[in-house]
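Single-structure report; data block below.
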Amino acid sequence: MNARFPQVTAFVRPDASVRATVSSPQSRPGPLGLYKTSVLVVVLCLVYLELPNYVYLLSGYTPIGIPKYIYYAFFVFVAPLLLQFRALTLYLISPFSLWAFGWIVLNITHFSFALIDGDLSRASLIGTRIQTAVLAVLLGFACSITRTTSYERIFPFLAGLIPTMMIVDFLNPGVFYPLGTEGTILGRASATFIGAGKAGEGILLTFLLAIPVLRPRYRAPLLLLVGAGLLLTFARGPLLCWMLLWLLLLLRNAVPKYTLAVALVALGALPLLLGSFQSYLEGREDLSEGLDNLLGRLEFFQDRVMDDDSALERAQVAEAGLDLFLENPIFGAGAGATHLWSLTGTHNQPVMLAAEYGVFGIALWVWLAVILWKGKYFQDKTFQLSVAAGFIFLSMFTHNMLDFPYWLLTFALISGQRRA
């Protein structure tokens, strides 16, 4: 058992004294505790499965299914917790809350200029960013005043559920969403995330949050299942990050040594495995439409050269984002500028922030990396530092970290401290 990681799940066998404590009336949660835990478990499932946006898709993009209504419901259910004024005051001066306040103020400034210019599309996008940040602070506060051990077992469940959904989606395209849905590529599993890159992020983040919950021998099978799910998204950034995370877990004795043998065998047989998988994909007539995209991504792991259409497009938009920053280095081109242009987004978080917010955006990105590094979610400080490094690494593959609740809520959790 590795003492560096706190063990708090049903997989841990408590000694007699702990069992006595757990069963005593004093340790049983009261109505407020049960309410907090229930609300958080439901909210975490909705957030980390991207269900608000998924429901919007299933509703046919009708106004009644707009995700913000579900998020408003979050506010309603969490609102009673705000009556704990002292705890709320302390949380509002926590590192993440101060960072979120800076992000909100910066966006309010850009929102005002967008309204003055009459640019309602940009104003709407900025308004959504502001509301998402406020929601993350509210949910972060709810988590901070609730025993982490009361709700964190949902993370291993989600970390296993999401890759399982990827497998189902890959084997049976069209089960989760209509074929040809905007934002999806046939063959790249995404399930309720409606986007393979987002699905890869969701898998990785839930597994990361599940690590403190499980004993090493239970982490190992989950680690392998997560890898299978990530492979079927064909999302290179999350897949590479998973490999690095696996290495870190081995070095810190956080997974059994036999997983190293699995990795070595897979590495030695990589050409054969990739060749077999490629043959399988080519034999799937239902994947013919997206086959070129899939094969181009597989070739990266064979040649380690990113020269497929997707990689070239990413290089192009990143260069365009840098040019935009150089034209507007201080204040940027304006929030939403890279989301509303004719390209597909920068696919790079610091480039996006620099292009839209100038040096202020870069400062916020660096600030966020620092508060993740100084967080106390993981007792092993080396692991906490690695999380900050992972944030920087994944920032090179996505530009949506500050737009989605599952990212911002993860930042709120990891920059804080677990409560036993």
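Brief remarks on what is shown
Here's the yes/no breakdown for (1) within 30 Å of residue 86 (Cβ to Cβ); (2) charged (D, E, K, R):
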site	(1), (2)
131	yes, no
135	yes, no
140	yes, no
149	yes, no
152	yes, yes
155	yes, no
183	no, no
206	no, no
211	no, no
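- Looking only at the stretch 192-207, and only at residues there that are at pLDDT below 95 and among the aliphatic types (A, V, I, L, M), the one that is farthest from residue 395 (Cα to Cα): 194
- Here is the figure for the stretch 206-231: residues that are surrounded by fewer than 24 Cβ atoms within 10 Å (Cβ to Cβ), aliphatic (A, V, I, L, M) and within 24 Å of residue 177 (Cα to Cα) total 3.
- Residues being over 20 Å from residue 169 (Cβ atoms) and either touching an Asp or Glu at 6+ places or on another chain (Cβ under 6 Å) or modelled with pLDDT under 80 (or both) - total across the stretch 265-295: 9
- Scope the stretch 89-123; condition of a type in the set (S, T, N, Q) and within 29 Å of residue 40 (Cβ to Cβ); matching residues: 89, 94, 97, 107
- Selection of the stretch 94-113 for residues being hydrophobic (A, V, I, L, M, F, W, C), surrounded by 21 or more Cβ atoms within 10 Å (Cβ to Cβ) and over 22 Å from the mean Cα position of the chain (by Cα) yields 106, 111.
- Sub-8 Å Cβ pairs linking a first residue in the stretch 231-244 that is closer than 14 Å to residue 196 by Cβ to a second residue that is among the polar types (S, T, N, Q) and in a helix (DSSP H, G or I), at least 6 apart or interchain, are 234/293; 239/233, ordered by first then second residue.
- All of 384, 379 fail the test of being surrounded by fewer than 20 Cβ atoms within 10 Å (Cβ to Cβ), under 17 Å from the mean Cα position of the chain (by Cα), modelled with pLDDT under 95 and within 30 Å of residue 41 (Cβ to Cβ), apart from 384.
- Residues in the stretch 138-158 that are under 16 Å from the mean Cα position of the chain (by Cα) and of a type in the set (A, V, I, L, M, F, W, C): 139, 154, 155, 157, 158.
- All of 245, 240, 250 fail the test of being at pLDDT 85 or above, in contact with a Gly (Cβ under 8 Å, 6 or more places away or on another chain) and in a helix (DSSP H, G or I), apart from 245.
- Inter-residue pairs, beta-carbon under 7 Å, first free of Cβ contacts under 8 Å to residues at least 40 places away in the same chain and in the stretch 260-276, second surrounded by 12 or more Cβ atoms within 10 Å (Cβ to Cβ) and part of a loop (DSSP other than H, G, I, E, B), 6+ apart: none
- The residue list 35, 54, 61 contains one member that is modelled with pLDDT of 90 or more and over 21 Å from residue 413 (Cβ atoms), which is 54.
- Listed conditions (1) within 25 Å of residue 103 (Cα to Cα); (2) under 17 Å from the mean Cα position of the chain (by Cα) are all met by residue 131, apart from (2).
- Among residues of the stretch 336-370 being under 17 Å from the mean Cα position of the chain (by Cα) and closer than 20 Å to residue 409 by Cβ, the one that is surrounded by the fewest Cβ atoms within 10 Å (Cβ to Cβ) is 369.
The values are calculated or read from the model by the stated rules, or taken from the named source; none is laboratory data. Quantities reported herein were computed from a predicted structural model and do not represent experimental measurements. Every residue, glycine among them, receives a Cβ derived from its backbone with ideal geometry; neighbour counts consider all protein chains shown.
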